[in-house]
Amino acid sequence: MIYDLFREGFTIQVVLNLFARVFVMFCILPVHEFAHALLSTKLGDQTARLSGRLTLNPLAHLDFFGALLMIIAGFGYAKPVPVNMNNFPPRRRKSYMALTALAGPLSNLIMAFVFSIFYCAVFRFGSPTQGSMSEAILLFFLYVAQINVSLAVFNLIPVPPLDGSRILTAVLPDKYYYTLMKYERYIVYAVLALVLFGALDTPISLATTYTMRLFIKLAGLIFGLHVG
């Protein structure tokens, strides 16, 4: 985003993309974390609720560096929701932990599809023309949907501390999982370096592109649009 500002200046696309990232930071990341907190609470762990994380208030979830990464890279993170898997039923701890982790990315995919519907609605009924308000709204909805998909894809990478590593609890033997968690701190730094140097841009972009094509196509069918 910063690079785009220097390269292109304050074009309407750059400004709307920036607004979309700020919107996601304050309105979507809290939904992601709330989804974790809600499901873990429903499954028997009250840690998130007692920690004040069972809320949509963005102030309870925002992380400064994660928010900065959202503005710069388009996929950041909020403060992790505390989950104590020992509070889950013993025989279901691994599966409940995986479901709790999956709740966040799944909420992003749901929001992405919702904003894809908004996008198709404006495209169908707003008669967007170049430079019009309808076009600006169209682009904003598209950017929000794309960022949501990117967040889901990013968080599903199976390395700590991302949600994908927690989902691994359902399939990895305990000794391998705890070995992975032992090196979590170092893996975090490696992942952040990959993000900052753009090493993850291509795979995340490809996954986002194909997912968005599917969502727009499905959302378009609601309004009789044949897209893609």
(message) With a 1.4 Å probe and all protein chains left in place, how much accessible area per residue does segment 124-219 have, in Å²?
(response) 57
(request) Please report the base-10 log of the normalised intensity I(q)/I(0) for segment 107-228, using a Debye sum with one equal scatterer per alpha carbon and no solvent, at each q in 0.09, 0.16, 0.21 (1/Å). (result) -0.36, -0.82, -1.10
(request) Give the dimensionless ratio obtained when the Cα radius of gyration of the chain is divided by 2.2 N^0.38 Å. (result) 1.08
(message) Mean-square fluctuation check for the chain, GNM, Cα pairs under 10 Å: which of Gly104, Gly164, Gly126 is largest?
(response) Gly126
(message) So if I take the centroid of the Cα atoms in segment 111-176 and the same for segment 28-84, what is the distance between those two points in Å?
(response) 17
(request) Give me the percent of the accessible area of segment 25-170 that comes from carbon and sulfur atoms, probe 1.4 Å, all protein chains in place. (result) 66
(request) From zero up to wherever the largest Cα-Cα distance of segment 14-130 sits, split into 10 Å bins and tell me the percent of pairs in each. (result) 14, 37, 29, 15, 5, 1
(message) Just to confirm the filter: which chymotrypsin sites (Phe, Trp or Tyr not before Pro) across segment 6-67 are DSSP coil and have at most 14 other Cβ within 10 angstrom of their Cβ?
(response) Phe10
(request) At 0.36 nm per residue, minus the direct Cα-Cα distance, what do Arg185 and Thr55 gain on full extension? Give it in nm, one decimal, please. (result) 44.1 nm
(request) Describe numerically, in nm with one decimal, the distance between label points set 7 Å from Cα along Cα→Cβ at Tyr210 and at Arg92. (result) 3.3
(message) Just to verify a number: FRET efficiency for Val227 and Val22, C-beta to C-beta distance, R0 = 45 Å, to 0.05?
(response) 0.95
(request) Show that you can apply the helix-only estimate: for the chain, add -39,500 (n - 2.57) for every DSSP H stretch of four or more residues, divide by all residues, and state [θ] at 222 nm to the nearest 500. (result) -21500 deg cm²/dmol
(request) Work out from phi, with θ = phi - 60° and the Karplus expression 6.51 cos²θ - 1.76 cosθ + 1.60, the ³J(HN,Hα) of each residue of segment 108-114, listed in order in whole Hz, and give x for Gly and Pro. (result) 5, 5, 5, 5, 4, 5, 4
(request) Take Asp201, Asp163 and sort them by solvent-accessible surface of the protein heavy atoms, 1.4 Å probe, largest at the top. (result) Asp201, Asp163
(request) State, as an integer percentage, the relative contact order of segment 8-74 based on alpha-carbon contacts under 8 Å between residues 6 or more apart. (result) 37
(request) Using the Karplus curve 6.51 cos²θ - 1.76 cosθ + 1.60 with θ = phi - 60°, work out ³J(HN,Hα) for each residue of segment 53-62 in order, rounded to whole Hz, and write x for Gly and Pro. (result) 9, 8, 8, 9, 5, x, 5, 7, 10, 5
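Compute the FRET efficiency between Ala193 and Leu172 as 1/(1 + (r/R0)^6), taking r as their Cβ-Cβ distance and R0 = 25 Å, and round to the nearest 0.05. If you can, show how the numbers build up before the last one.
Details: r = 24 Å, r/R0 = 0.97.
Calculated value: 0.55.
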(message) Going by amide H atoms built from the backbone, whose H comes under 5 Å of the H on Gly76, apart from near neighbours?
(response) Met70
(message) Taking only Cα atoms of segment 73-127, what ratio of Rg to Rh do you get with Rh as the Kirkwood inverse-distance radius?
(response) 1.23
(message) Explain nothing, just compute: Karplus ³J(HN,Hα) = 6.51 cos²θ - 1.76 cosθ + 1.60, θ = phi - 60°, for every residue of segment 136-153 in order, whole Hz, x for Gly and Pro.
(response) 5, 5, 4, 5, 4, 4, 5, 5, 5, 4, 5, 5, 4, 5, 4, 4, 4, 4
(request) Sequence neighbours fewer than 8 away in the same chain don't count; with that in mind, list the lysines whose C-alpha is under 18 Å from Lys175. (result) Lys94
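The values are calculated or read from the model by the stated rules, or taken from the named source; none is laboratory data. Here the structure is a predicted model, which is why all the values come from computation and not from measurement. Heads up, the Cβs are rebuilt from the backbone with ideal geometry, glycines too, and the neighbour counts pull from every protein chain shown. To get the accessible areas, we keep the full protein, side chains included, count just its heavy atoms, and leave off ligands, DNA and RNA. Shrake-Rupley method; radii C 1.70, N 1.55, O 1.52, S 1.80 Å.
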